[in-house]
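Taking it in order: structure first as structure tokens, then the write-up.
The values are calculated or read from the model by the stated rules, or taken from the named source; none is laboratory data. No experiment lies behind these values; they were computed from the predicted model shown. Counting neighbours? That spans all protein chains shown, and the Cβs are built from the backbone with ideal geometry, glycine included. The protein model used for the area step is the full one, side chains on, heavy atoms only, and it has no ligands, DNA or RNA in it. Shrake-Rupley method; radii C 1.70, N 1.55, O 1.52, S 1.80 Å.
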Amino acid sequence: MVYIREAHALDGDSPMGGDGMPIFEDPVSLEERSGIARVCMTKLALEPIPALVDGIDDAVNLAYAAHPDRLYLVGLDGRIAYHGFEGPMGFDVEELAAAIRVELGE
Amino acid sequence: MATMRFPWKGPIGLALLAACSTTPAVDARVEPEWDDTGTVWGYLSRKYDADGDGAITRGEYGRDDESFERMDGDGNALLTAEDFAYTPEVFGRMRMAVARAVVERYFQGDDVDDEITLDELFVVAQAYDANGDELVVEAEFRAHASACYRDLPLPANVRMMGEFDPWEGVMAVVDEDRDGQLAFAELGAFFEAQDDDADFVWKLGADDEEAEVPSSGPTVGSVAPDFALTAPDGASTARLSSFAGDRPVALIFGSAT
């Protein structure tokens, strides 16, 4: 998982929080974003998935047009093997699973 | 980000962290709290209202001016509970879309076409309003909802929300005074707020975001943009290109919210 800028920070462009949605401000440092990432991975039981945190300059987020969420598969050759559409509507884990099976020759 | 499902099992090429530890561990003192039951104002006041006077000044806030001004809804240079009182904007576009979808399907009236007018809205509201007090309560809504319902396709951004209760969906946005009743005035205000061209007509399906989702980012077959990032605990880093020739890498981009 690549943890990126919050989709619905309470001080962001599309604020949400409470009523089942976690309340977080938009981090202003890597340390702050990393802290939220740690809590998120634990709370959502995502710890089996190795995680990385995007820098506060959002460089990787921007390079992959990933905001608010998105799925990609990078093949053995280092090229994009699967490119999901932008989330949340395009966030399709079944599509990613199928792409992985193709990449592994299953 | 909703809880994710992983239907595949067995060894697959998920990203592994390279054990090239060069960065110090992150300071554990900044561990945030996961709070999904409180309120935004409660969170902010506990964190920033140092003198406990019910107002957060720029000095108390201490973060960027842009965020302060974005939250300062009434523009009085203070963050107060009033800035975070219930408004449709606080609840975000997704809930607005759900509320609109409910109104389009439960308040369209007998003229089943590709638009709903303000007049039609009030005619149907009167049909719900069994006691004629210009307030629709839950029991009145549920008593007539099936008869008033129009089966229209849901827009993609509403389908994404999964199943929802129509009364709760419309009340979450339209019930501005949070009294648990849907006033005709509140319905009218919601209709007018969504009526961009002020012609007292909604075009159905006008808020469908699916067609607006562009395709962007690196395309299939292109070289994946390389990066080196740190794990959340700061104890290790990984570079994407280090996995080339070894295993495929699934990239799952997301955040807690």
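In percent, how large is the relative contact order of chain A, given Cα pairs closer than 8 Å and 6 or more residues apart?
On the way: 129 pairs, mean separation 23.5, N = 106.
Rounded, it is 22 percent for chain A.
Could you do me a favour and compute the accessible area per residue for chain A, 1.4 Å probe, result in Å²? All intermediate terms of the calculation are to be shown ahead of the outcome.
Details: 3870 Å² over 106 residues.
In whole numbers, chain A has 37 Å² accessible per residue.
Treating the beta-carbon of each Lys and Arg as +1 and of each Asp and Glu as -1, no other charges, what is the dipole magnitude of the range B:97-187 about its Cα centre, to the nearest 20 debye?
Numbers: 6 positive and 22 negative charges, 82 e Å.
My answer is approximately 400 debye.
Might you tell me the accessible area per residue for the range B:38-84, computed with a 1.4 Å probe and given in Å²? Walk me through the numbers on the way to the answer.
Values: 2490 Å² over 47 residues.
Ligands and nucleic acids excluded, the figure is 53 Å² per residue.
Quick one: which residues, 5+ away or cross-chain, put their amide H under 5 Å from the amide H of residue A:8? H built at 1.01 Å from N.
Correct list: B:257.
Please give the residues from the range B:230-246 for which the solvent-accessible area of heavy atoms, probe 1.4 Å, is smaller by at least 50 Å² with all protein chains in place than with the chain isolated.
Listed in order, they are B:232.
Could you work out the mean count of beta carbons from other protein chains within 10 Å of each residue's beta carbon in A:26-34?
On the way: counts 5, 3, 3, 1, 5, 5, 3, 2, 9.
What the average comes to for A:26-34 is 4.
Check residue B:35: other-chain or 5+ apart residues with amide H under 5 Å from its amide H, H built from backbone geometry?
Close amide H contacts, sequence-distant or interchain: A:23.
Along the principal axes of its C-alpha atoms, what lengths does the range B:38-84 span, in descending order and rounded to whole Å?
If we take the Cα atoms of the range B:38-84, the spans are 22, 19, 16 Å.
Mind checking how much accessible area A and B bury in total, 1.4 Å probe, in Å² rounded to 100?
Working: alone 7360 and 16890 Å², together 17170 Å².
In total, chains A and B hide about 7100 Å² from solvent.
Starting from the Cα gyration tensor of the range A:1-65, take the square roots of the eigenvalues, sort them a ≥ b ≥ c, and report rounded, prolate or oblate (rounded when a/c is under 1.5, otherwise prolate if a/b is larger than b/c, else oblate).
On the way: a/c = 1.72, a/b = 1.07, b/c = 1.60.
In terms of gyration-tensor shape, oblate.
May I ask for the net charge around residue A:43, where only other residues with Cβ less than 11 Å from the Cβ of residue A:43 are counted and Lys, Arg are +1 while Asp, Glu are -1?
Numbers: positive: A:38; negative: A:47, B:33, B:35, B:36.
It works out to a net charge of -3.
Going by alpha carbons, how many degrees (0 to 90, nearest 10) lie between the helix axis of A:30-43 and the longest principal axis of chain A?
Around 70 degrees separate the two axes.
Residues of the range A:1-21 losing 50 Å² or more of accessible surface, assembly versus chain alone, probe 1.4 Å, please list them.
A:1, A:2, A:10, A:11, A:16, A:19
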